[in-house]
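What follows is a short report on a single structure.
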Protein chains: 2
Amino acid sequence: MDRLVLLTGWAGRVGEAILEALHTEYEWRLFDREPPHTDGPGEAYVGDITDRELLTEAMADVEAVIHLAGDSRREASWDSVLTNNIDGTQAVFDAAVAANVDRVVFASSNHAVGWYETDERVPALYRPGGPLMLDGTEAPRPGNLYGVSKVVGEVVGRYYHDEYGLSVANVRIGNLSRGQPPQDYERGQAMWLSYRDCAHLFARCLEADYEYEIIYGISDNDRKYYSIERAKDVLGYEPQDNSADHED
Amino acid sequence: MDRLVLLTGWAGRVGEAILEALHTEYEWRLFDREPPHTDGPGEAYVGDITDRELLTEAMADVEAVIHLAGDSRREASWDSVLTNNIDGTQAVFDAAVAANVDRVVFASSNHAVGWYETDERVPALYRPGGPLMLDGTEAPRPGNLYGVSKVVGEVVGRYYHDEYGLSVANVRIGNLSRGQPPQDYERGQAMWLSYRDCAHLFARCLEADYEYEIIYGISDNDRKYYSIERAKDVLGYEPQDNSADHED
């Protein structure tokens, strides 16, 4: 029998990329506060991610969690990220530990390190051979309150990993778009993540052996300033796309 | 005229250490949710640290903030630290920026890195020449949910520093006790902070020039595994105490 995976925030774009490619690879349980707009490949739970009772139900017999739920707007207010992203992520880890879940894969964001994109570095930062390469070991420098909330999720996961032993992977997702990278937008090309590379990366997070990881989720772009070496080495990530292949 | 400093959580022990030594050095505004148990050396505001309206009043004309308020129990619940420590600290930075405050000194904690105290390292870690020296550049590994909330405060400060330019010092406070260090407790001796060193360190955080700092707040103990070199170099910290001078 396939492994049972709980996917929170499944109705968003990252969930779409994952399910398109992996809907038959795992048994899915789906959680979102929006009622399903389409049939998902598993039982759907509808509720807020801070609904701890519903989370506990959804977590029963689950082996792994991919936690995408949260306010994903870069301009999200503090009140919203405090509830939906910070409290919501602690609720997921708390329920995961109670249910003896083996691993949690957390959708972090490039905005966790947005303040490395200073005026002095941009736009050189977005071009091959730029002035900086981030690899996940640098101190977080969130670029907005949404980014703060993503760093908090990584820290919450660090604690639950250390205290309870479950594996935790934090994927700092770049710019996910279907088909081709954003045009006339160097930043988006530097952190492009294709749909198939996204699904493959999350699959590796479900399959590989690791303790606690912070990795960048981008395709193998020529322009990159996020290293994908750690994802390759530890997770066996093998991206197939490169935004340079789509430039005029 | 003396600089006006807002001290939140002034009725606790850290506030006591600071005010005993520095009550005549600055003009103080005092904020705590407990009504004053004693006359403080300044105007007292009584309210929750998440009371943004009251914080805005208390912040008027303030040059610097020392932010101590929060649930300081290592066993504090998630609900308590989410409100009092996480939301409360964002409220302080938000009000500080709105009031054009020059700097915020944040009371972080040794519990931000409590999970470095693993079974393999303890008790050697608490003895001179131990296996590890933390200096504030290491990745946080909080030892409890209280520690998680302190790391979050540091990250919130990082964002407000980068975005708005105010200076931010995070003091990871050790084991503050009056007169002498804890007896028969090696951990407490390794991270002892005397009252006078505490007051001096916070005074240096009010006086020195810096951008964003994470430093450890301990006396110059022989046993230390927290480096105080950064506090010496950047802040001019000159501790006078050493827990070894109090051992039998």
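The other copies place their A:Asp184 label points at 7.6 nm from this one, listed shortest first, where each point is 7 Å from Cα along Cα→Cβ.
Within the range A:101-163, the GluC sites (Glu not before Pro) that combine a DSSP coil assignment with at most 14 other C-beta atoms in a 10 angstrom radius are A:Glu120, A:Glu138. Here, the range B:4-246 has an Rg and a Dmax of 16.9, 50 Å when only alpha carbons are counted.
Calculated on the alpha-carbon coordinates, the convex hull of the protein assembly as shown measures out at 157 cubic angstrom per residue.
With runs of 4+ DSSP H residues as the only contributors, calculate the mean residue ellipticity of chain A at 222 nm using -39,500 (n - 2.57) per run, divided by the residue total and rounded to the nearest 500.
After summing the helix terms and dividing by the residues of chain A, the value is -8000 deg cm²/dmol.
Once the label point is set 7 Å along the Cα-to-beta-carbon vector, what list of distances in nm do you get between A:Glu229 and its counterparts in the other copies? Relative to the other copies, A:Glu229 has label-point distances of 2.5 nm. So which of B:Lys150/B:Lys232; A:Lys232/B:Lys224; A:Lys150/B:Lys224 end up more than 27 Å apart, counting from Cα to Cα? Cα-Cα > 27 Å for A:Lys232/B:Lys224; A:Lys150/B:Lys224; rest within. Placing unit charges on each Cβ (+1 for Lys and Arg, -1 for Asp and Glu) gives chain A a dipole about its Cα centre, and among A:Leu201, A:Asn144, A:Tyr26 the Cα reaching farthest toward its positive end belongs to A:Asn144. Taking amide hydrogens as placed 1.01 Å from N in the peptide plane, the amide H of B:Ile214 sits under 5 Å from those of B:Asn170, each at least 5 positions away in sequence or on another chain. Here chain B is assigned +1 on the Cβ of each Lys and Arg and -1 on the Cβ of each Asp and Glu. Its dipole about the Cα centre then comes out at about 540 debye.
In whole angstrom, the range B:65-127 maps to an equivalent ellipsoid with semi-axes of 30, 15, 8, each derived as √(5λ) from the alpha carbon gyration tensor and ordered largest first. Look at where the Cα atoms of the range B:14-40 and of the range A:207-235 average out, and the two centres are 49 Å apart. Note on A:Ser149, A:Ser194: ascending count of other Cβ atoms within 10 Å places them as A:Ser194, A:Ser149, the fewest first.
Here the range B:142-182 and the range A:149-177 have alpha carbon centers that stand 20 Å from each other.
Across identical copies of the chain, A:Gly47 has label-point separations of 3.5 nm, listed in ascending order, with the point defined 7 angstrom from Cα along Cα→Cβ.
Largest GNM mean-square fluctuation across A:His67, A:His200, A:His37, computed for chain A with C-alpha springs under 10 Å, falls on A:His37. Of the peptides A:233-239, A:100-106, the ranking by mean beta-carbon count within 10 Å, highest at the top, reads A:100-106, A:233-239.
When the convex hull of its Cα atoms is viewed from all sides, the range B:1-116 shows a mean projected area of 7.6 nm².
Among residues of chain A, the one whose Cβ lies closest to the rotation axis carrying chain A onto chain B, together with that distance rounded to whole Å, is A:Val152, 3.
Read-outs throughout are calculated quantities, based only on the coordinates presented, and are distinct from any laboratory measurement. Not measured: the values here are computed from a predicted model. Please note: Cβ atoms are built from the backbone with ideal geometry, for glycine as well, and neighbour counts cover all protein chains shown.
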